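Below you'll find the structure, written out as structure tokens, and then a few comments.
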Amino acid sequence: LRTKMETEEDTKALGIKGVYQLQGGIDKYFRDYPEGGCWKGKNYTFDKRFSHAPPVIEGMERAIKMKEKVAEVTSADDRLEVMGRCEACQKPWDRYRGKRRCPTCGVPSLICKECYDLDKNKIKKLDRNVRCDLCTKEGVTSKRQIKEKLEKEMETYEIKLREVYGFQVSSRKN
């Protein structure tokens, strides 16, 4: 999900499909659809919130955490579905804790409270094999592999730009 693309024509010309823009952003979407609309999961943010969901969903999560009885919870079970998994034990988890990052790519890691506490107390250390889903899925185990992959993708993208727009891309410095 991107918050802005130059034009629809640019994305089509470059062969990019499935990119949409939410007019006014995700916050506006949540204001317009407080129960969530078509939204699933949470939106990761780069501030003290860490992540947020539509207001009704966040309210239900707070009520569950506070062990309050909420009649709506059973009818909204699918909206409370946890979409992420702890990178260490694979338990459903969707909250970022501590400052741990994927040792390969550096994105914040989803680590459940139990695994975080085990690591913090040096009972079971989280090693370099505990990586984010994308690095695991793509078999990336080193920063060098990421750099090579990005360079290859950039080269392919530049070729496409030359074909579509007919201009030369200046050589990059390594």
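Just give me the residues in region 98-134 being in contact with a Cys (Cβ under 6 Å, 6 or more places away or on another chain) and of a type in the set (S, T, N, Q), in sequence order. Hits for region 98-134 are Thr104, Ser109. Within region 1-20, count every residue that is at pLDDT 65 or above and either under 30 Å from Ser109 (Cβ atoms) or open to solvent by 60 Å² or more (accessible area, probe 1.4 Å) (or both). Going through region 1-20 one residue at a time, the tally reaches 7. If you go through region 53-67 one residue at a time, do you hit one that is under 16 Å from the mean Cα position of the chain (by Cα) and either at pLDDT 75 or above or part of a loop (DSSP other than H, G, I, E, B) (or both)? Looking for residues that are under 16 Å from the mean Cα position of the chain (by Cα) and either at pLDDT 75 or above or part of a loop (DSSP other than H, G, I, E, B) (or both), one finds at least one in region 53-67, hence yes. Taken across region 139-147, residues that are out of contact with any strand residue (DSSP E or B) (no Cβ under 8 Å at 6 or more places or on another chain), closer than 26 Å to Ile16 by Cβ and assigned to a loop (DSSP other than H, G, I, E, B) do occur, with at least one present.
The listed residues are Lys91, Lys124, and the only one of them that is modelled with pLDDT of 85 or more and either open to solvent by less than 30 Å² (accessible area, probe 1.4 Å) or farther than 17 Å from Gly41 by Cα (or both) turns out to be Lys124.
The values are calculated or read from the model by the stated rules, or taken from the named source; none is laboratory data. Everything quoted here is computed from the prediction, not taken from an experiment. We place every Cβ from the backbone using ideal geometry, glycine too, and count neighbours over all the protein chains shown. Surface areas here come from the heavy atoms of the whole protein model, side chains and all, with no ligands, DNA or RNA. Shrake-Rupley method; radii C 1.70, N 1.55, O 1.52, S 1.80 Å.
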